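Asker: Quick one: the structure is below, questions incoming.
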Amino acid sequence: MKLSRSGVAVASMAAASALVLGACSSNADKGTQSAAPASAVANVQCEGKQALKSSGSTAQANAMTIFSTSFAKSCPGFELAYGGGGSGQGISDFTQGLTDFGGSDSPLKDTEIPAAAERCASDAWQLPLVFGPIAVAYNVPGVTDAALSGPTLAKIFSGQITNWNSPEIAAENPGKTFPDLAISVIYRADQSGTTDNFQKYLTAAGGWSKGGGKTFNGGVGEGKQGNPGVGGAVKPTNGSIAYVEWAYAQSNGLSMAKIITDQDKTGVPLNAETGGKTIESATLKNGPDDHNMVIDTESFYKPTQPGAYPIILATYSIVCSKYADAPTGQGVKSFLNVAASPQNQGQDLQNAGYIPIPADFLTKLQASITAMQ
């Protein structure tokens, strides 16, 4: 059913990853992106633990900088220390009790749910707080408005289509002339949630048979480190194509492919409106009224609503539905209420390369935060 429209220790964890404390951010994957300004949110109830710790997804690091800056201004004396380290570390740190909540690009696996429940002494909830679109960036001389489908992208990134003047690309771009130019695939060399979600999209929408996971399995191309490495390699490489977070495609001035879906045969461009339509039409695996808000990504990758951009990465805040330590629960709720305010789900977030959460979905998220104890 769809929502209606409208390390072994905290010290080692911090040393191994970037730390966002108040307004400060340092992250190897996000280093080229400056944090957007953030201001205080009015009428926030600031309660409980004041010094919060979290870790995990680097994809949401810039968003956490915005949220933590606003948190410190909204609740003087409160702060969030956010270490990156990746989704696996975010889940591990949370289940081991090293952090107060975790950050992950993917929901908990069935094998991880018992450990999260044991850590919480209650059910763990997964709240999709940050949405980051993945751009398909390319550099083809004379072409700035290419449209590509899931099946064609799957063939490109697996080496089955090797030239830009291929019949498959020509069929999807009537009236456009593509040069006789070899395709140069650029991918993430490091393990990445961006890779994981892109391969999930290719599997769902393109018939990708190479498998999923955080390691690129296409078997072709050149790997680059992090989003900065991928984003920076496209422009100087004629014939290149890459998957990269939206912010890095924007900051490098790259052309981005429109994505063909069953609803849009001419392709959907990537922007805040088309990403918002995808979030609005999301299906929740546990039903629209369950506070454990796990998204069925099939509803992203194969949208049923026209004008919805299909390659969206949802990052979750993994929390306890009821914290054994009440002050910790109150502190986490205070932070999440700041992060999920309309003020912080707006232009600052979009400027940092994320899709602000649309009003109806945001109302549902806020209700789940309110239900935490």
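Asker: Within the range 112-166, which chymotrypsin sites (Phe, Trp or Tyr not before Pro) sit in a loop by DSSP and count at most 16 neighbouring Cβ atoms inside 10 Å?
Answerer: none
Asker: Also: Put a dot 7 Å past each Cα toward the Cβ at Gln373 and Gln225; how far apart are the dots in nm?
Answerer: Taking the simple label geometry, Gln225 and Gln373 are separated by 4.8 nm.
Asker: Run down the lysines and flag those whose C-alpha is under 20 Å from the C-alpha of Lys285, throwing out any fewer than 8 positions away in its chain.
Answerer: Cα-Cα hits under 20 Å: Lys2, Lys109, Lys200, Lys277, Lys302, Lys364.
Asker: Taking 0.36 nm per residue of sequence separation and subtracting the Cα-Cα distance, how much length would be gained by fully extending the chain between Gln160 and Ala359, in nm to one decimal? Each step should come with its number before you reach the end.
Answerer: On the way: separation 199, 0.36 × 199 = 71.64 nm, distance 4.16 nm.
Between Gln160 and Ala359, full extension yields 67.5 nm more.
Asker: Taking Rh as the Kirkwood radius, which is the inverse of the mean 1/r over Cα pairs, what is the Rg/Rh value for the range 134-275?
Answerer: Working: Rg = 13.6 Å, Rh = 14.8 Å.
Rg/Rh: 0.92.
Asker: Can you give the Kirkwood hydrodynamic radius for the range 52-120, in Å, rounded to one decimal and based on Cα pairs? Display every interim value, and only then the final one.
Answerer: Details: mean 1/r = 0.0811 Å⁻¹.
So the Kirkwood estimate lands at 12.3 Å.
Asker: Hey, got the dipole for the range 39-123? About the Cα centre, +1 on K and R Cβ, -1 on D and E Cβ, debye to the nearest 20?
Answerer: Working: 5 positive and 9 negative charges, 56 e Å.
Charge dipole, the range 39-123, about its Cα centre: 280 debye, nearest 20.
Asker: Positive end of the charge dipole of the range 134-275 (Lys, Arg +1 and Asp, Glu -1 on Cβ, about the Cα centre): tell me which of Met256, Gly213, Ser149 has its Cα farthest that way.
Answerer: Farthest towards the positive end: Gly213.
Asker: Note down, for the range 121-161, the three equivalent ellipsoid semi-axes (square root of 5 times each alpha carbon gyration tensor eigenvalue), biggest first, whole angstrom.
Answerer: Working: eigenvalues 261, 46, 12 Å².
For the range 121-161, the semi-axes come out at 36, 15, 8 Å.
Asker: While we're on this one: Roughly how big is the chain's charge dipole about its Cα centre, with Cβ charges of +1 (Lys, Arg) and -1 (Asp, Glu), in debye to the nearest 20? Write down the numbers at each step before the final one.
Answerer: Working: 24 positive and 29 negative charges, 54 e Å.
In total the dipole reaches around 260 debye.
Asker: Turning to a different aspect of this structure: How many nm is it between the label spots at Ala171 and Thr111, if each spot is 7 Å from the Cα in line with the beta carbon?
Answerer: Placing both labels 7 Å along Cα→Cβ, they lie 4.0 nm apart.
Asker: Here's a follow-up. Rank the residues Val44, Val234 as a footprinting-exposure proxy: fewest other Cβ atoms within 10 Å of their Cβ go first. Please report the intermediate quantities before stating the final value.
Answerer: Details: Val44 17, Val234 24.
Fewest-to-most ranking of Val44, Val234: Val44, Val234.
Asker: In the chain, if every C-alpha pair distance is counted and binned at 10 Å from zero, what percent goes to each bin?
Answerer: Result returned by the calculation: 5, 25, 34, 23, 10, 2, 0.
Asker: In nm, to one decimal, how far is the Ala121 label point from the Ala324 one, both placed 7 Å along Cα→Cβ?
Answerer: Calculated label separation equals 0.5 nm.
Asker: Considering the options Pro37, Gly229, Ala272, tell which one lies farthest towards the positive end of the dipole of the chain, charges being +1 on Lys and Arg and -1 on Asp and Glu at the Cβ, about the Cα centre.
Answerer: So the residue we want is Gly229.
Asker: Still on this model: Counting Lys and Arg as +1 and Asp and Glu as -1, each charge on the Cβ, what is the dipole of the range 134-275 about the Cα centre in debye, to the nearest 20? Walk me through the numbers before you get to the answer.
Answerer: Numbers: 10 positive and 11 negative charges, 44 e Å.
Charge dipole, the range 134-275, about its Cα centre: 220 debye, nearest 20.
Asker: Which trypsin sites (Lys or Arg not before Pro) from the range 39-124 combine a DSSP loop assignment with at most 15 other Cβ atoms within 10 Å?
Answerer: Values: sites: Lys49, Lys53, Lys73, Lys109, Arg119; in loops: Lys49, Lys109.
Passing sites in the range 39-124 are Lys109.
We did not get these values from a lab; they are worked out from the coordinates using the rules stated. Model, not experiment: these values are computed from the prediction. Note that we place each Cβ from the backbone using ideal geometry, even for glycine, and neighbour counts take in every protein chain shown.
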